[in-house]
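Undergrad: Supplied in structure tokens, the structure appears directly below.
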Amino acid sequence: MAMKGNRLLLFFFAACLAGAAPLQLRSGWVYVPGGQDLVAGGLWGCVTSVNVAADTLSIAASSANYNTVINTTGPVLKPQGDFSVLATLSDPATGGSFLSLVGTQATGSAYWQGLKRLDVGRSGSVIQANYWTGTSSSPTAQTWPIPAGVTDPVAFEVARIGTQIEIFANGSQVGSFADPGLFSSGQVYFGFNVSPGDTLNVLALAAAMPSGSGDTLFALDLQVATRTGTGLRDLAAPSGLLIGAAADAPYFSDPNYVQALGGQYNLIVPENDLKFAETEPAQGQYSFCAADQLLAFAQANGMKMRGHNLVWSQNNPPWLLNGNFTSAQAAGIMQDHINNVVGHYKGKLVDWDVVNEALSNSAPYGLDQTSYWYQQLGSGYIDTAFQLAHAADPNAKLFYNDYGGEGLSAKSNAIYTLVQGMISRGVPINGVGLEMHVNPSDVPSESDISANMARLGKLGLEVHVSEMDVALPVNTSTGTASATDLAAQATTYQNVFAACQANSNCTAFLTWGVTDLHSWIPSFEPGEGAALLLDQQYNPKPAYNAIAAELQTASAAAERPVIFPGGVVIHASASAPVSPGTLADIYGTNLASAPATTPGLPLGNGLGNVQVTVNGTPAPLYYVSPGQIDFQIPYAIAPGPALVQVSSNGNPGISAGITVQQAAPSILTWTDSAGNVRAIAQNYPADSLNTSTNCAAPGSYVIVYLMGSGPLDNPIASGAAALSSPVSQETLTATATIGNASAYVGFAGMAPTFVGLMQMNIQVPAVSGEQPVQVQIGSFTSNSALLCVGQ
Ligand code: XIL
């Protein structure tokens, strides 16, 4: 039963991560790798006149002209044989809108010369296909009636199957015709054509192929660095510590920049391109072109990307600052901004700096009251921003980012107090960014930085060194620094890096730029510069070598277990909180380096190379793998907030915060072939599993299995199986309902011979059919699940 629960849960997680499939695939077909969501993943932000909202592309045409947009900078499809493009188009107006697939772009001065293009869409009361073969301005047009029941929006599929082009609407075949070689170039650009006065909303776009064929999506302008295996990212890989840099897309035209960024780093943060004025230059108009290019670069180079930033006192656009908005309007603007920006990158960015630099930089280090957001929304704007960001992408880790509070100081105390308060209010925050813009004579000590990181870790927070640079005095004509200063800079970098390595909750180290050739320091601090790891010729500086050396120390090679946000859940259900004695699962990465052997009873506090503690108390383990650990919350844990920590090979990972309550009743469930979530329950005395065809009669008993018992009259040692004599029963009152009728509970306590499993023997009241069962232990109510009762 345990493994069944695990699999159910894994399936549940995978389904959540993948998101809802936008379109229906034909039987035997699959998405082209990377082609499942080409609305979000199509780099449309760089295509003129396409407005990109969270899940939609919007394209308007003026009343005078068709608006034809072809994405020549984003990904193109390279089909190997049969392929199809799926597009859900909404345009209720009568003019018509089309999916445009271009095989060859125009080669002459007129738009049609050399052009090979196919348009498919709805035009008035027909479905229409037009194609151009490059020799005439007039397309070959075909029309078909709209299939019965098909209304706006229409899910089109345009497939090339053998030598035919076949067109489907909402899954029904509409028509087909012989392909005149429209895609003989071997590639397909994606685009749309909107008739005058219409607005097209593209709700979904995807590319598919028969399973097993080798179609690819090829992003046109993507630069890929050559991997030497000796970059900082490679040296850091065993530990899981991410090595990052602030980046700007325009520099991709320099091969040295591409090589340095993709070869040395495995994390990108846009230096400016995700800030408010960049992403929402006019109210409600979003621009993701540059940041999308950075993301595409990151993906092509096997890197992750973090988001910086959503809410800040700086970089707010004039339309916002000068808009005379009311506070209520400002709240709506912040909400829309976060929804759209985080929504656009949902599932794609590992984390977000949600709020940047909200504290004043002078005593008493309260909230910066000059910020637009403070003035409009008061101190609550920080919590609100995190809640909105979490709702828009529950899988992104959310950070508060600030400067001048890296060591132990009044400012870092203020940051600590701020985030501690957020945690106590249940605000979803996962970490703190320590910017680390320093110079060799003005940098906190390694031990103070380490102590600050450690105290944040005790709150269950990660830290990132988020923007490190070490400014040096430079010769203003050459921009270079003295050898002495470069040596001092190396020591500064090494000390900060060592503090990060010494704290397992320090999960990323980022420099604010890649090379001294491009850094914000010379323009913001005239007379200073040379602040990064690579010089203006992209050669490694002493600081680079110091970090590389630090990465080669033994402790650096240690794996750091990472628990996913929300990754500690009751076993066999996704619910939280847990209670003492509950079996729980941990999801994450690097949790174990070697699979464990099957444990005996009583369960031990270590399995394979893994240990788990809850508030420092070792927990019994019964399953260990690199991505999942199953364990028991020790009975000794008191109700309240608690920290779960995994150690693998003696290396502790960052703690995850959970809530332990006195009892946490959770009925174990299974899903039957009809998709109903049923209680795992035994009919008694028949002694068989309760199913939709094996019901329990009124007056008989069902034995329902669950977790989260609460206090017991005959306590059990952690990790030990429950005894049959004497049994261990609930001390809190246990009640149950089946249907809406209260039901007599004959026994509520631990299931003999099992660890952590409880059972309730419930007498079936006079109800019949498929009915929900739900239990209460003390003041705590369980989930509900179906039982079949009556005859
Ligand atoms: C800086 C950029 O580097 C500059 O290019 C830009 O002109 C201003 O902003 N703290 C932060 C970053 O959080 O966003 C700032 O970046 C540097 C200080």
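Undergrad: Rounded to whole Å and sorted largest first, list the principal axis extents of the Cα atoms in region 599-738.
TA: Result, largest extent first: 54, 37, 29 Å.
Undergrad: Also, I was wondering about something else. Take each complete run of DSSP H in the chain, measure how far its Cα atoms stretch along the helix's own axis, and keep only those covering 20 Å or more with mean Kyte-Doolittle hydropathy at least -0.5; list them.
TA: Qualifying helices: 2-18, 327-344, 410-424, 483-502.
Undergrad: Here's another thing I want to ask about it. Report the normalised scattering of region 292-365 as log10 I(q)/I(0) at q = 0.12, 0.13, 0.21, 0.24 Å⁻¹, calculated by the Debye formula with identical scatterers on the alpha carbons.
TA: -0.46, -0.53, -1.02, -1.14
Undergrad: Can you bin every Cα-Cα distance in the chain into 20 Å intervals starting at zero and give me the percent of pairs per bin, rounded to whole numbers?
TA: 14, 38, 36, 11, 0
Undergrad: Further, regarding this structure: What 222 nm value per residue comes from the helices of the chain, counting each DSSP H run with n ≥ 4 as -39,500 (n - 2.57) and dividing by all residues, nearest 500 deg cm²/dmol?
TA: Details: 14 runs with 150 residues, N = 791.
-5500 deg cm²/dmol, from helical runs alone.
Undergrad: Place a +1 charge on the Cβ of each Lys and Arg in the chain and a -1 charge on the Cβ of each Asp and Glu, then give the dipole magnitude about the Cα centre in debye, rounded to the nearest 20. Write out the running numbers ahead of the final one.
TA: Values: 23 positive and 50 negative charges, 318 e Å.
With Lys and Arg at +1 and Asp and Glu at -1, about 1520 debye.
Undergrad: Just the Kirkwood number for region 94-170, please: inverse of mean 1/r across all distinct Cα pairs, in Å, one decimal. Display every interim value, and only then the final one.
TA: Working: mean 1/r = 0.0753 Å⁻¹.
In region 94-170 this quantity evaluates to 13.3 Å.
Undergrad: Ratio of Rg to Rh for region 702-764, alpha carbon only, Kirkwood? Write out the running numbers ahead of the final one.
TA: Values: Rg = 11.7 Å, Rh = 11.9 Å.
For region 702-764, the value is 0.98.
Undergrad: Compare the peptides 729-741, 175-187, 531-543 by average per-residue count of other Cβ atoms within 10 angstrom and give them in order, highest first.
TA: Working: 729-741: 18.2, 175-187: 15.0, 531-543: 20.2.
Put in order of decreasing packing, that is 531-543, 729-741, 175-187.
Undergrad: Tell me, what is the percent relative contact order of region 202-326, built from C-alpha pairs under 8 Å that lie six or more residues apart? Provide the component values of the computation, followed by the final result.
TA: On the way: 153 pairs, mean separation 30.8, N = 125.
RCO, region 202-326: 25 percent.
Undergrad: If you find the alpha carbon centre of region 663-693 and of region 721-761, how far apart are they in angstrom?
TA: One Cα centre to the other: 15 Å.
Undergrad: In square nanometres and to one decimal, what's the mean projected area of the convex hull around the Cα atoms of region 39-125? Each step should come with its number before you reach the end.
TA: Working: hull surface 28.5 nm².
If I average the Cα hull's projected area over directions, I get 7.1 nm².
Undergrad: Would you work out which of PHE497, ALA596, PRO561 lies farthest towards the positive end of the dipole of region 488-634, given +1 charges on the beta-carbon of Lys and Arg and -1 on that of Asp and Glu, about the Cα centre?
TA: Positive-end residue among those listed: ALA596.
Undergrad: Could you give the dipole magnitude of region 263-316 about its Cα centre, charging the beta-carbon of Lys and Arg +1 and that of Asp and Glu -1, in debye to the nearest 20? The partial results should precede the final answer.
TA: Numbers: 3 positive and 5 negative charges, 38 e Å.
It comes to approximately 180 debye.
Undergrad: Right, here's the next one. For the cross-link pairs LYS346/LYS411; LYS78/LYS348; LYS78/LYS116; LYS348/LYS541, which exceed 27 Å when the distance is taken from alpha carbon to alpha carbon? Don't jump to the answer; show the numbers that get you there.
TA: Details: LYS346/LYS411 32 Å; LYS78/LYS348 24 Å; LYS78/LYS116 15 Å; LYS348/LYS541 33 Å.
Checking Cα-Cα distances, LYS346/LYS411; LYS348/LYS541 exceed 27 Å.
Undergrad: Take the eigenvalues of the Cα gyration tensor for region 239-375, scale each by 5, and report the square roots as semi-axes in whole Å, largest first. The partial results should precede the final answer.
TA: On the way: eigenvalues 173, 63, 34 Å².
Values for region 239-375, descending: 29, 18, 13 Å.
Undergrad: Please report, in cubic angstrom per residue, the volume enclosed by the convex hull of the alpha-carbon atoms of region 425-503. Spell out each step's value before the answer.
TA: Numbers: hull volume 8.0 nm³, N = 79.
Measuring per residue, one finds 101 Å³ for the Cα hull of region 425-503.
Undergrad: Can you give me the relative contact order of the chain as a percent, contacts being Cα pairs under 8 Å and 6 or more apart?
TA: Details: 1980 pairs, mean separation 64.3, N = 791.
In percent, rounded to a whole number, it is 8.
Undergrad: Can you tell me how region 64-223 classifies by the Cα gyration tensor, rounded, prolate or oblate, using a/c under 1.5 as the rounded cut? Working shown, then result.
TA: Numbers: a/c = 1.42, a/b = 1.16, b/c = 1.22.
In terms of gyration-tensor shape, rounded.
Undergrad: Right, next: Over region 99-155, what is the relative contact order in whole percent, taking alpha-carbon pairs under 8 Å and six or more residues apart? Provide the component values of the computation, followed by the final result.
TA: Numbers: 102 pairs, mean separation 14.3, N = 57.
Answer for region 99-155 is 25 percent.
Undergrad: Could I ask something else about it? Over the Cα atoms of region 657-720, how large are the radius of gyration and the largest Cα-Cα distance (Dmax), in Å?
TA: Here Rg and the maximum Cα pair distance are 15.2, 44 Å.
Read-outs: derived from the displayed coordinates by stated rules, not from any lab. Predicted, not measured: the structure shown is a model, and the values here were computed from it. Quick reminder, even Gly has a Cβ in these numbers, built from the backbone with ideal geometry, and neighbours come from all protein chains shown.
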